[in-house]
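Asker: Attaching a single structure in structure tokens format; questions to follow.
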Amino acid sequence: MKRPERPLRLGTRGSPLALAQAHMTAQALRDAHGWDQDAITTVIVQTSGDRIQDRALAEIGGKALWTKELDRALAEGEIDCAVHSMKDVETIRPDAIRIAAMLPRADVRDRLVGAENFAALPPLPIVGTSSPRRAAQVKRLRPDAQIILFRGNVATRLAKLEAGEAHATLLAAAGLDRLGQADIGATVEIDTMLPAPSQGAVGIETLADNDVMLGWLAAINHRDTFDSVMAERAVLRGLGGTCHSPIAALALLEGGQIHLRAEIISTEGDETVRDEARLARGDFDAAEAIGRGLLERASPALRSLFEG
């Protein structure tokens, strides 16, 4: 395909993982279209989520802290597309912005860093995480655990663990792998901890009316990943989930259908509501209905986590 008249400006956060994912996206575009190295340039956009590290996301604005500055850069023409970890992208996006492509999904599982498994943790273990989903699942597995806030990039969280601030932490296997740190941590199987919706997926957004950019991005869209992740995001729509809601979901393609598993968990891990179904590919209404059904079966206390 014809080389862009000027370098495409690919927007990204500045963390090592975000940059690694941006470089993956840029290379995928070059490979798909036969472009040279100079056809794409990376533009680092600092986000509020990167600047504010001492509070949970739920307290300071939620997932929009990872996206609003990149959204602004898109709207104002400073970048042509934006690369995101899909699990950091809000469920409801502006009409003017479209999720145009996703790269092939990586390992969706978590890794436990600091112990071989949860049983190996000492009594009354301290576990560092900023994820309500991970915190609730840890409490379900180890009701004696104390959860403390661990925010920051992978290196920051590993440094906190090394400094003895906690006995263990949890990190996404995909992020560790993309940073060349596949040897860190013990993999937690899906049946033990169902992952966050969209975990392991990299998405690229652009303006909904930018037909040229949409066409270029379509060439690198991994359809299996896209359909699976969009089903998981539909569950979130059904739940009205926020960043302080413990939600897990995973969609896998099996025999041309989507096998969708989802669960919501109380903060202390003492209540879990689960569902699973096989859906037609692209039937996001059915996936959304699963989210609504989870709420209908939840106790008032669990349901309250999804209100407001």
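Asker: Output yes when any residue across the stretch 170-184 is in contact with a Gly (Cβ under 7 Å, 6 or more places away or on another chain), crowded, with 16+ Cβ neighbours inside 10 Å and over 19 Å from residue 250 (Cα atoms), and no when none is.
Answerer: yes
Asker: Specify which of the listed residues (111, 72, 55, 93) is modelled with pLDDT of 95 or more and either farther than 18 Å from residue 197 by Cα or open to solvent by 10 Å² or more (accessible area, probe 1.4 Å) (or both).
Answerer: Working: 72 fails: modelled with pLDDT of 95 or more; 55 fails: modelled with pLDDT of 95 or more; 93 fails: modelled with pLDDT of 95 or more.
Criteria check complete, one pass: 111.
Asker: What are the pairs with Cβ atoms under 7 angstrom where one residue, in the stretch 5-34, is without any contact (Cβ under 8 Å) to a residue 12 or more places away in the chain and in a helix (DSSP H, G or I) and the other, located anywhere, is of a type in the set (Val, Ile, Thr) and surrounded by 16 or more Cβ atoms within 10 Å (Cβ to Cβ)? Sequence gap at least six, or different chains.
Answerer: That search, which allows pairs on different chains as well, returns 30/40.
Asker: Next up: Please return the ranges of strands (runs of 3 or more DSSP E) entirely within the stretch 228-308 where 3 or more residues are closer than 19 Å to residue 190 by Cβ and open to solvent by 40 Å² or more (accessible area, probe 1.4 Å). Write out each step before concluding.
Answerer: Working: elements: 247-254, 257-265, 272-280.
Per the criteria, 247-254, 272-280.
Asker: Out of the helices (runs of 4 or more DSSP H) lying entirely within the stretch 112-191, which hold 1 or more residues that are under 27 Å from residue 274 (Cβ atoms)?
Answerer: Values: elements: 132-141, 154-162, 173-178.
By residue number, 132-141, 173-178.
Asker: Quick one: would you say residue 127 is crowded, with 21+ Cβ neighbours inside 10 Å and within 30 Å of residue 208 (Cα to Cα)? Steps first, please.
Answerer: On the way: crowded, with 21+ Cβ neighbours inside 10 Å: yes; within 30 Å of residue 208 (Cα to Cα): no.
No: the conditions fail for residue 127.
Asker: On to the next question. If residue 189 passes every condition in (1) among the acidic types (Asp, Glu); (2) free of Cβ contacts under 8 Å to residues at least 60 places away in the same chain; (3) surrounded by fewer than 22 Cβ atoms within 10 Å (Cβ to Cβ) but one, which one does it miss?
Answerer: (2)
The values are calculated or read from the model by the stated rules, or taken from the named source; none is laboratory data. Computed from a predicted model, the values in this text were never measured in an experiment. No Cβ is skipped: glycine too gets one built from the backbone with ideal geometry, and neighbour counts run over all protein chains shown. Just the protein is used for accessible areas: all its heavy atoms, side chains included, with ligands, DNA and RNA removed. Shrake-Rupley method; radii C 1.70, N 1.55, O 1.52, S 1.80 Å.
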